[in-house]
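K.L.:
Input: one structure, supplied below.
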Amino acid sequence: MLASSQAIAAEDGNATAVPGKLLLSLSGISKEFPGVRALSEVSLDLYPGEVTALVGENGAGKSTIVKILTGIYQPDGGTITIDGEEVFFPTAHAASDAGITAIHQETVLFDELTVAENIFIGHAPKGRFGLIDTARMHRDAKSLLERIGATIDPGARLRDLGIANRHLVAIARALSVDARVVIMDEPTAALSHKEISELYDLVEKLKADGKAILFISHKFDEIFRIADRYTVFRDGELAGSGTMADVSEDELVRMMVGRSVDQIFPKQQVALGEEVLRVSDYCHPSEFDSIGFSLRKGEILGFYGLVGAGRSEFMQALFGITKPSRGTVSIEGRNITINSPADAISEGIVYVPEDRGRQGTVIGLPIFENVTLPSLSRTSRHGFIRLAEEFSLARKYTSRLDLRAASLDQDVGNLSGGNQQKVVIAKWLATEPSVIILDEPTKGIDIGSKAAVHEFMSELAASGLAVVMVSSEIPEILGMSDRVIVMKEGRIAAELTGEGMNPESLVRAAAGIAEAAK
Amino acid sequence: MIQNAVKSREAILALAILAMTGLIATRFPGFIRPANLANVFNDTAPLIILALGQMVVILTRCIDLSVAANLALTGMIVATINTVAPDIPIGLIIAIAISLGALLGAFNGILVWKLDIPPIVVTLGTMTIYRGIIFLVSEGQWINAHEMSEPFKHFPRATIAGLPVLSWIAILCITLFAVIVARTPLGRAFFAVGGNPNAAVYTGIDVGFTRFMAYVFAGALSGLTGYLWVARYAVAYVDIAGGFELEVVAACVIGGVSIAGGIGSVAGAVLGALFLGVVKNALPVINISPFWQLAISGSAIIIAIAFNARAQRQKGRVILKTAEHAT
Ligand SMILES: Nc1ncnc2c1ncn2[C@@H]1O[C@H](COP(=O)(O)OP(=O)(O)OP(=O)(O)O)[C@@H](O)[C@H]1O
Ligand SMILES: [Mg+2]
C-alpha cells in the first residue's frame, strides 16, 4: 500500500491506465447466504477513466458485490480478473493491495478516534523509529478533506460529527489509499447539494486520473450526470448493462424493477385541519437558534438546508434526545415539556432518525421485534406481549412499505441497507403518532419503494397525520411538501410556500444568497 | 437467523450435556439413576437461579460481580434474624431475603445508572463492600446449624412430589424468567438496550432504568439464593460462596449469552449452569481431583466463546470457504 501523500499527489497522473481497456472484470459471480441467494452468476466490468453505475432495487445484491470486491465476503463461485489476470481476495487487505478501495454504504468508523486517525487507521504515515507521524497525518488528512471540499477539523473526535460529516470522513478514508478502482456505495445518500456537487467534481478528477469507478446510487439524475456505463441487477441477477448514451431513464427503471414506475409525486391535496404542533423560540447553545413554526393536521412541512444547517440537531431536541436551552412546544394548544424521547412519544410526536444503523435498528432482534419495539404497550395485554398481535402489526406496516425480506423472523442485520431503512420507518409509523418527523425518509431507498413510501406518507397526511420531513433531495422536498422551511447555520433562513417553492429559491436560501431583484 | 443459531447452540449444548452424562454412565451406571440426576439438579439449583439474574444483566451490556457477596450478606442477615427471632415464619424470611437482595442490587443499579460508573468497577467495589458488611454484621463469627431453627433449615430440603423445594424454586424462577424475557416489554428492552443502546434511546427506552431493573432482578435472585444457601448448608459465615460469581458468569457464557450484550436466552443460561453442575458432580464419582473441575470449566468457556464466534461468522459476515483459492 502506498503512503498517503502519494495518494493526494496522484492527481497529476499515474498514466498507466489506458481508457477503454478493461481494468477489472467479474464474471459468473454467485453468493449465497443462509436462505438467500444474493447473487447468481452476475458479471460486471470496470474500465479505467470511466464511471460505471450499478443500479438495482433494495436487496438486489449491489452491496454484496462491493463486499466481494473488497474481500469482505468470498464468492461461492465465479472469477475476478484485473488486467486480464485472475485474482483472489481472501481478505480485505488483499483487495486493498490490489488497488481497490471503497466507500461502503454503512460506514465503519471509530467513534472514539479523531478524524485523522479514522482516515489513516491501518496505514498511518510513519516517522522515525516506525512511530506514527502525527503531524504529517494531520496535514495529510487536512489536504484530503480539502480535496473533497469538506471543512472538518482533522483533530475532531468522530463521535462529535453528524452523519454527513462522518460520511465525508469515510470518503476521505477511501481516497487515502492509492487505488486504481474506487467503489462508491450510495455516496451521496447522506449529503446535501453542496457536498454532492463537490463529490461530482471529485469523481471527475478521479476519472481524469484514470481510475475505474463503480458508482452505486438510487438517484437517476446523478447517474445520468456522471456515469459512462451502467450495469443493472435484479434479484441478484444481471438484468442488463451498456453505455449510458444508449439508454433512457425509463429503460433503466424497467430493467431494474421489471415495470415502469410512476415518478410523479403522489401528493394528495388535503384540506388542512387545525393546528397540532407549535414550536416557538427553540434555542440551543451551539446548534440552532430561535426556531419557531406551527404545523397543522394533514400538513407536510419540509425542512431543507445544507449539511450542518442544524435540521437534525433541532429535530433531536424536539424529540427529547438533547435539551434545548430555551423554547416552548405546544401540542393541540397545550404546552408540554419534553425531557426524553419517551415524553415525546407519549405526546404523539415521533422521530425517524437519519442514521438508521446507529439510531434505528437493533441488530440481533428479528424484524418484527424491531418494528414493534416502541408499540409494545399496544400489542400487550396485562403487561404481556401477544405475539400474534405483534406480528400482524409488523406485517401491516412493513408490507405497506414494500419491505423485501425472507421472513419477519429474520435478523434485521441481514437485510440490505434500503430494507433496514424501511424497517425503521415502519417501526415509527406503527406507533400511530399524531406528528411524525421523518429525517431523510427515502435515503437509500430504491425508486419503486420510494414511490410506495411517498404514497403512504401522503395517505397518512390525508388521514390527519402532521408530517415534518427533513430532506436534502430537492425534488422530494418540492414534490411532497405543502410548505418548506429552509434552515441555514442553525436559523430559519426562509419559509417558502406556493409559487415560492422552486429549486432556485430553495438553493439560494440554503446558501444565503439574496434573491435576485425582480 | 441469529435466533436459529442460538437455538441450535442450545441444542448442541444440551447434546453435550447428554453425551457427557452418557459417557459417565457407561462406567458408573449409578450416575444416571433418577435419584442421582435429581440430586445433581438440586445441587445446581443455586447456580441456575443466579445465572438467570446474571443473564439479564449481561443482556444489557453490564455485568454483576457482586452476586455471590450479595448472597452471602443476605444469607448472613436472615440467619441472624433467625437466631434472634426463631419464630418468624419462613414466608416472611424469604420475603426479607428477596427484598434485601433486590435492595443491594438496586444499589448497584443506581451507581451504574445515575453516576455512570462502568458496571465492572461498580460491582467489583460493591462485592468487597458487601463482604465487608458481613464481617461487621457477624463480627467474623459463624452462625452454625444448632443456632438456626428447625423450620429455617428444613424448608429448602422438604420434598414435594419427589423433588426438594430448592429444585422447585429453581424451576419456578426459570419459568418466571422465561416469561419475563420473552413476553414483557421490559424483557424486550433488555435485548434492545444491549443490542443497540443508541437506538434504544431513540425508541423511548430509558437505557439507565432498564439496566437498573436488570440489577434489581439479579439482586433479588441473589437474596433468595442467600437464604436457600445458608439454610441448605446450615451455616453462615463471611466467605460463603466465595468466588461463586465467576461460576455464574461462566454458566452464562457457556450458555451462549454474549458478553457484548443483546444476545442470550433463558434456556442457554440454564443449560450453561447444568453443564457446570454435571461436571462438578461427576468428577468425584469418576475419581478425578476437583482441581480438574476448574480446568474443565475453563476449557468449556473457551470452547463456548470460540463456538459463539463461529456461529456469528456463519451468519455470513465472513465466509471461510475459498481457502483453496487463497494461495
Ligand atoms: N450477511 C447477510 N446474511 C444474510 N443475508 C444477507 C446478508 N447480507 C445481505 N444479505 C441479503 O442479500 C441480499 C442482497 O443484499 P445487498 O445488501 O447486496 O442489497 P443492495 O442491492 O445493496 O440493496 P440496498 O439498495 O438496499 O442497499 C438481500 O436479500 C439481503 O437480505
Ligand atoms: Mg446496499
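K.L.:
Among the residues of region A:454-471, are any within 16 Å of ligand 1 (Cβ to nearest atom), touching an Asp or Glu at 6+ places or on another chain (Cβ under 6 Å) and more than 14 Å from chain B (Cβ to nearest Cβ)?
P.N.:
No, every residue in region A:454-471 fails to be within 16 Å of ligand 1 (Cβ to nearest atom), touching an Asp or Glu at 6+ places or on another chain (Cβ under 6 Å) and more than 14 Å from chain B (Cβ to nearest Cβ).
K.L.:
Hey, among A:Glu275, A:Glu313, A:Glu287, A:Glu251, which residue is touching a helix residue (DSSP H, G or I) at 6+ places or on another chain (Cβ under 7 Å) and among the acidic types (Asp, Glu)?
P.N.:
Sole residue among the options that is touching a helix residue (DSSP H, G or I) at 6+ places or on another chain (Cβ under 7 Å) and among the acidic types (Asp, Glu): A:Glu287.
K.L.:
Residues of region A:67-112 being more than 16 Å from ligand 1 (Cβ to nearest atom), surrounded by 18 or more Cβ atoms within 10 Å (Cβ to Cβ) and charged (D, E, K, R), which ones?
P.N.:
None; the set is empty.
K.L.:
Name the pairs whose Cβ atoms lie under 6 Å apart, with the first residue in region B:193-213 and at the interface with another protein chain (Cβ under 9 Å from one of its Cβ atoms) and farther than 15 Å from B:Gly261 by Cβ, the second part of a helix (DSSP H, G or I) and open to solvent by 20 Å² or more (accessible area, probe 1.4 Å), and 6 or more positions between them or separate chains?
P.N.:
These pairs meet every condition: B:Tyr202/A:Gln359; B:Thr203/A:Pro374; B:Gly204/A:Ala342; B:Gly204/A:Ile345; B:Gly204/A:Pro374.
K.L.:
Give the number of residues within region A:200-230 that are assigned to a helix (DSSP H, G or I), under 23 Å from A:Ser143 (Cβ atoms) and either within 16 Å of ligand 2 (Cβ to nearest atom) or open to solvent by 10 Å² or more (accessible area, probe 1.4 Å) (or both). Lay out the reasoning, then the answer.
P.N.:
Residues of region A:200-230 assigned to a helix (DSSP H, G or I): A:200-208, A:220-226.
Those still in the list that are under 23 Å from A:Ser143 (Cβ atoms) too: A:200-208.
Still in the list and also either within 16 Å of ligand 2 (Cβ to nearest atom) or open to solvent by 10 Å² or more (accessible area, probe 1.4 Å) (or both): A:200-201, A:204-205, A:207-208.
Counting residues in region A:200-230 that are assigned to a helix (DSSP H, G or I), under 23 Å from A:Ser143 (Cβ atoms) and either within 16 Å of ligand 2 (Cβ to nearest atom) or open to solvent by 10 Å² or more (accessible area, probe 1.4 Å) (or both) gives 6.
K.L.:
Evaluate the following for A:Arg334: is it away from chain B (no Cβ under 14 Å) and more than 30 Å from A:Asn370 (Cα to Cα)?
P.N.:
When the stated conditions are applied, A:Arg334 passes them.
K.L.:
Show the residue pairs meeting these rules: Cβ distance below 7 Å; 6+ apart or different chains; first residue within region A:415-434 and within 13 Å of chain B (Cβ to nearest Cβ) and open to solvent by 10 Å² or more (accessible area, probe 1.4 Å); second residue more than 8 Å from ligand 1 (Cβ to nearest atom) and polar (S, T, N, Q).
P.N.:
A:Gln420/A:Thr361; A:Thr431/A:Ser375
K.L.:
Follow-up question, since we're still on this one. Would you confirm, using the coordinates I've provided, whether A:Ile437 is crowded, with 22+ Cβ neighbours inside 10 Å and not assigned by TED's automatic domain parsing to the domain that holds A:Tyr282?
P.N.:
yes
K.L.:
Please determine, by comparing only the residues of region A:342-397 that are among the polar types (S, T, N, Q), more than 8 Å from chain B (Cβ to nearest Cβ) and open to solvent by less than 10 Å² (accessible area, probe 1.4 Å), which one is nearest to the chain's Cα centre (by Cα).
P.N.:
Ranking the qualifying residues of region A:342-397, first place goes to A:Asn370.
K.L.:
Is at least one residue of region A:75-83 at pLDDT 85 or above, over 26 Å from the mean Cα position of the chain (by Cα) and away from every other protein chain (no Cβ under 14 Å)?
P.N.:
Within region A:75-83, one or more residues are at pLDDT 85 or above, over 26 Å from the mean Cα position of the chain (by Cα) and away from every other protein chain (no Cβ under 14 Å).
K.L.:
Also, I was wondering about something else. Please state which of the following conditions A:Leu158 fails to meet, knowing it meets all the rest: (1) within 20 Å of A:Gly357 (Cα to Cα); (2) open to solvent by 10 Å² or more (accessible area, probe 1.4 Å); (3) touching a helix residue (DSSP H, G or I) at 6+ places or on another chain (Cβ under 8 Å).
P.N.:
(2) is the only condition that A:Leu158 fails.
K.L.:
Given the residues A:Leu39, A:Leu44, A:Leu54, which is the only one that is within 16 Å of ligand 2 (Cβ to nearest atom), farther than 29 Å from A:Ser407 by Cβ and in contact (Cβ under 8 Å) with a residue 60 or more places away in the chain?
P.N.:
So the residue among A:Leu39, A:Leu44, A:Leu54 that is within 16 Å of ligand 2 (Cβ to nearest atom), farther than 29 Å from A:Ser407 by Cβ and in contact (Cβ under 8 Å) with a residue 60 or more places away in the chain is A:Leu44.
K.L.:
Please go through (1) surrounded by 18 or more Cβ atoms within 10 Å (Cβ to Cβ); (2) in a strand (DSSP E or B) for A:Ala405 and return the number of the only condition it doesn't satisfy.
P.N.:
Only one criterion in (1) surrounded by 18 or more Cβ atoms within 10 Å (Cβ to Cβ); (2) in a strand (DSSP E or B) is unmet by A:Ala405, namely (2).
K.L.:
Out of the residues in region A:47-57 that are open to solvent by less than 10 Å² (accessible area, probe 1.4 Å) and not in a strand (DSSP E or B), which is farthest from ligand 1 (Cβ to nearest atom)? Walk me through how you get there before you give the answer.
P.N.:
Keep residues of region A:47-57 that are open to solvent by less than 10 Å² (accessible area, probe 1.4 Å), which gives A:48, A:51-56.
Now narrow it down to the ones that are not in a strand (DSSP E or B): A:48, A:56.
On the way: A:Pro48: 25, A:Gly56: 5 Å.
Residue satisfying both the conditions and the ranking: A:Pro48.
K.L.:
Taking into account only those residues within region A:240-254 that are within 16 Å of ligand 1 (Cβ to nearest atom) and under 24 Å from the mean Cα position of the chain (by Cα), which is surrounded by the fewest Cβ atoms within 10 Å (Cβ to Cβ)?
P.N.:
So, considering only residues that are within 16 Å of ligand 1 (Cβ to nearest atom) and under 24 Å from the mean Cα position of the chain (by Cα), the one surrounded by the fewest Cβ atoms within 10 Å (Cβ to Cβ) is A:Val253.
K.L.:
Inspect region A:268-285 for any residue being in a helix (DSSP H, G or I), modelled with pLDDT of 90 or more, of a type outside the set (Lys, Arg) and buried (at least 18 other Cβ atoms within 10 Å of the Cβ) and give the result as yes or no. Spell out the reasoning first.
P.N.:
Pass one, region A:268-285, residues in a helix (DSSP H, G or I): none.
No: region A:268-285 contains no residue that is in a helix (DSSP H, G or I), modelled with pLDDT of 90 or more, of a type outside the set (Lys, Arg) and buried (at least 18 other Cβ atoms within 10 Å of the Cβ).
The values are calculated or read from the model by the stated rules, or taken from the named source; none is laboratory data. As the structure is a computational prediction, the values presented were derived from the model and not from experiment. As a convention, Cβ positions derive from the backbone with ideal geometry for all residues, glycine included, and neighbour counts pool all protein chains shown. For accessibility, only protein heavy atoms count, side chains too; no ligands or nucleic acids. Shrake-Rupley method; radii C 1.70, N 1.55, O 1.52, S 1.80 Å.
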